[in-house]
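> Take this structure, written in structure tokens, and hold onto it; I'll ask about it next.
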Amino acid sequence: MSRPAWRRPVRIAEAVPGAFQRLGLETRFRQSEVWRVWATVVGPQISRHAQPHAVWHGRLIVHVTDPVWLHHLSMMRHRVITALNEKLHTTVVRELILRVGELPELPANPSGPHRQTEEPPPDPDQVARVEALLEPLRDAPFRDALYRLLLRATRPTGPDPSR
């Protein structure tokens, strides 16, 4: 039996996009980014009354709280589509479908989608180290998520030793 041939090591910035393409996940990943940028694109007032529900074949289905917001967003639909695609640097959304429906519970802490408690700000030295580590990734689609993950992983978990 022969040994498998070793491949040369590659940087994660080179490996992950290729793996996403081979697995057919690139489109789904780009579509999932709509939820991350939604509040930034439409603003806090609209995001309290309208939230993405699904993306299906380029159609973004958005649930709104009532018919007034449905009408308001229908008048802005082309601007919203353009702004979302510009923010995502690709054409993910071709059509906006608006429906009156239930919105997911918005987090109490607007700084993150799943945070329930207030976290202390990260150590500036640690932020600089993480940014230096991620510099080669530049604008890789997963860079922001990896940045947050590394900061969270390096945050002290026990009591503050300086106290």
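> For region 41-46, what does the Karplus curve 6.51 cos²θ - 1.76 cosθ + 1.60, with θ = phi - 60°, yield as ³J(HN,Hα) per residue in whole Hz, taken in order and with x for Gly and Pro?
Working through the residues one at a time gives 6, 8, x, x, 5, 5 Hz.
> On to the next question. P(r) for region 26-112: what percent of alpha-carbon pairs falls in each 10 Å bin, starting at zero?
Taking all Cα pairs of region 26-112, the binned fractions are 18, 56, 26, 1 percent.
> Right, another one. Which value in Å does the Kirkwood hydrodynamic radius of region 17-58 take, with 1/r averaged over all unlike C-alpha pairs and then inverted?
This gives a value of 11.6 Å.
> Between Ile97 and residues 5 or more places away or on another chain, which pairs have amide H atoms under 5 Å apart, with H built 1.01 Å from N, and which residues are they?
So Ile97 has HN proximity to Leu60, Ile61, Val62.
Laboratory data are not the source of any read-out in this text; all were calculated from the coordinates shown. Every value quoted in this text rests on a predicted model; they were computed, and no experiment measured them.
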